[in-house]
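Below is one structure, written out as structure tokens, with a few remarks after it.
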Amino acid sequence: MENMEVSFQKFKDLIQSELTNISYNTWFSSLELYNYTDDTLLFKTENTYIKDYLKKVYIDQIYDFVIRAFEFPYNIEILTEDDIKELELNKETTNKQIEKSVDKHKDIDTNINRVGTNLRPNLTFDNYVVGKTNLEAQLNGLQVAEHPGTLYNPLFIYGKSGLGKTHLMHAIGNFIVENSNKKVLYISCEEFTDDFLQIYRTTGNESNEIYNKFKDKYRNVDVLIIDDIQRLAKKTATQDEFFNTFESLYATSKQIIIASDTSPNDLKEFEDRLKTRFVWGLTVTINPPDQELKKKILKNKMAGHEIGKKIPENILDYIADNSPNDVRHLEGAINRLYACISMFSPQKIDLDFAKEALKDFLGNDIYAYNSIGKIQKAVADYYGITVETLKSKKRKAEINNPRQIAMYLCKIKTEETWEKIGLEFNKDHSTVIYGCNKVENELKTNPQLKKEVQEILEKI
């Protein structure tokens with residue numbers, strides 16, 4: 001067994017030397033040599049998701065590394081803990097060889113020029129903080145980055161503002177630039193629109209020249225990443241051009257990555273043919289961070305910062321507890337705390353100091369960057385329930401009525417769409433419309449409800 005363990009370590013070393021750190025750490029770091037027979041190696045990994053991906057994408061490379069490390073063409077089985085329990089239960093092992101999947105790879109040019117991509121090099125997978133609420137999006141994004149144009153096309157990422165969609169898109173683009181010779185372009189919806197409108201601002205040959213440059217910019221790429229696609233709403237001519245761009249790229253297996261604050265089906269004022277194409281590949285959502293992820297984000301923000309080493313755990317708990325579900329607000333809170341520490345040089349950085357430093361930032365108006373969240377918090381506090389309960393699927397009157405009131409207040413006190421409000425309550429837009437209409441009608445005849453709504457408005 002000792003020789004086999006040496007060979008297995010050589011096998012792992014080969015993989016690590018030929019893959020990127022993020023690919024190795026995500027897919028291979030948990031791989032173990034569980035057992036072996038005369039002609040089969042049994043590898044163990046931590047879950048079915050990784051097992052299936054290794055079999056689907058990396059199996060040819062695994063066979064190659066096995067031959068190089070073990071100097072024998074072993075068959076390969078990849079198992080999870082559940083698979084092993086089943087094997088032990090049945091008192092039998094398997095020698096079935098896994099069918100090889102085709103995985104063609106091009107030579108990598110690590111010196112690819114980044115100029116013209118619009119990518120921010122500091123936004124990578126390495127500093128993208130992952131938790132339960134964004135793990136699926138991160139894994140899917142990495143798969144696309146490893147195999148652009150072949151797995152999920154388009155990749156459609158959606159979620160409310162401030163949750164890390166843009167970071168993930170830049171991470172995908174940077175990974176592709178660093179590990180291939182593909183031409184990548186990140187663009188905002190506004191820039192795409194402005195570029196297209198330039199065509200209409202000119203006439204004659206100049207207009208044709210600008211249009212040709214436009215097509216060259218957007219169609220002569222291997223990966224097009226476009227942010228905030230929802231802002232194409234009602235822009236019929238620009239939608240038509242984006243449709244043509246999409247068709248051109250898709251027909252030649254070029255990767256398309258799109259981000260939006262709402263799902264494809266909830267993109268109103270969009271042509272059906274576009275919404276249909278948005279779901280051709282894979283649609284993933286990034287959900288608001290839970291308590292655990294908030295603290296991980298705060299710790300990541302403080303990593304390497306001298307002041308960060310002096311901040312105790314209970315202050316992180318306080319910030320995470322009192323911040324809205326918005327990554328930008330978390331970063332703002334820690335920056336505000338740093339500024340106060342630098343300004344006042346306190347002898348002791350404790351919870352009382354943090355509360356005083358952040359009282360305006362995390363006080364009654366803690367949802368300043370998210371008015372929907374602010375209203376949800378006010379309604380939940382008024383009726384003695386939690387925001388999580390307000391957003392749950394429970395339909396009891398003592399929960400459903402406050403939920404409808406919250407939806408109604410969101411509609412009259414913010415400029416958000418029906419779809420965006422629905423996203424924040426985990427409901428579709430029709431449920432929001434129904435609830436708002438119900439509250440609006442009851443306010444005309446129910447003085448008690450009118451009193452409750454007025455008292456909540458005063459808190460907001």
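The values are calculated or read from the model by the stated rules, or taken from the named source; none is laboratory data. Predicted, not measured: the structure shown is a model, and the values here were computed from it. Here Cβ is always computed from backbone atoms with ideal geometry, including for glycine, and neighbour counts include all displayed protein chains. Ligands, DNA and RNA are stripped out before the accessible areas are found, and what is left, the full protein with its side chains, is counted by its heavy atoms. Shrake-Rupley method; radii C 1.70, N 1.55, O 1.52, S 1.80 Å.
Worth pointing out:
- Within the range 147-162, the residues that satisfy the criterion of being open to solvent by 10 Å² or more (accessible area, probe 1.4 Å) and either farther than 28 Å from I372 by Cα or among the aliphatic types (A, V, I, L, M) (or both) are H147, P148, G149, T150, L151, Y152, N153.
- Residue ID - nearest to N265 (Cα to Cα), chosen from residues in the range 284-299 that are at pLDDT 80 or above and of a type in the set (S, T, N, Q): T285
- Of note, L316 does not satisfy the criterion of being surrounded by 15 or more Cβ atoms within 10 Å (Cβ to Cβ), in contact (Cβ under 8 Å) with a residue 24 or more places away in the chain and assigned to a helix (DSSP H, G or I).
- Top-ranked residue of the range 10-56 - restricted to ones that are of a type in the set (V, I, T) and surrounded by 18 or more Cβ atoms within 10 Å (Cβ to Cβ), ranked as farthest from I172 (Cα to Cα): T45
- Test: residue in the range 341-353 that is open to solvent by 70 Å² or more (accessible area, probe 1.4 Å) and among the aliphatic types (A, V, I, L, M): yes
- Residue match in the range 67-90 (condition: surrounded by fewer than 13 Cβ atoms within 10 Å (Cβ to Cβ) and touching a helix residue (DSSP H, G or I) at 6+ places or on another chain (Cβ under 7 Å)): yes
- Inside the range 3-56, residues that are in a helix (DSSP H, G or I), without any contact (Cβ under 8 Å) to a residue 24 or more places away in the chain and small (G, A, S) make up a count of 1.
- Considering residues of the range 418-460 that are assigned to a loop (DSSP other than H, G, I, E, B) and surrounded by 15 or more Cβ atoms within 10 Å (Cβ to Cβ) only, the residue farthest from the chain's Cα centre (by Cα): I460
- Only listed residue being over 18 Å from Q230 (Cβ atoms), in contact with a helix residue (DSSP H, G or I) (Cβ under 7 Å, 6 or more places away or on another chain) and open to solvent by 60 Å² or more (accessible area, probe 1.4 Å), chosen from K413, K394: K413
Here is a yes/no grid of residues against (1) closer than 30 Å to I22 by Cα; (2) in contact (Cβ under 8 Å) with a residue 60 or more places away in the chain; (3) surrounded by fewer than 20 Cβ atoms within 10 Å (Cβ to Cβ):
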residue	(1), (2), (3)
N179	yes, yes, yes
L197	no, no, yes
R219	yes, no, yes
L232	no, no, no
A237	no, no, yes
I258	yes, yes, no
E271	no, no, yes
T276	no, no, yes
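- The number of residues in the range 233-267 that are within 18 Å of the chain's Cα centre (by Cα) and among the hydrophobic types (A, V, I, L, M, F, W, C) comes to 4.
- Pairs where the first residue, in the range 329-349, is within 19 Å of I297 (Cβ to Cβ) and modelled with pLDDT under 80 and the second is outside any helix (DSSP H, G or I) and open to solvent by 80 Å² or more (accessible area, probe 1.4 Å), C-beta under 7 Å, 6+ apart: H329/Y369
- Subset tally (residues that are closer than 16 Å to F243 by Cβ and open to solvent by 50 Å² or more (accessible area, probe 1.4 Å)) for the range 278-297: 2
- In the range 350-391, residue modelled with the lowest pLDDT [restricted to those that are acidic (D, E) and in a loop (DSSP other than H, G, I, E, B)]: D365
- Residue match in the range 430-446 (condition: within 30 Å of E269 (Cα to Cα), at pLDDT below 85 and in contact with an Asp or Glu (Cβ under 9 Å, 6 or more places away or on another chain)): no
- Taking first residues from the range 446-458 that are closer than 17 Å to E398 by Cβ and partners that are at pLDDT 90 or above and of a type in the set (A, V, I, L, M, F, W, C), the Cβ contacts under 7 Å between residues at least 6 apart in sequence or on separate chains come to L449/L443; V453/I405; V453/L443; I456/V379; I456/L409.
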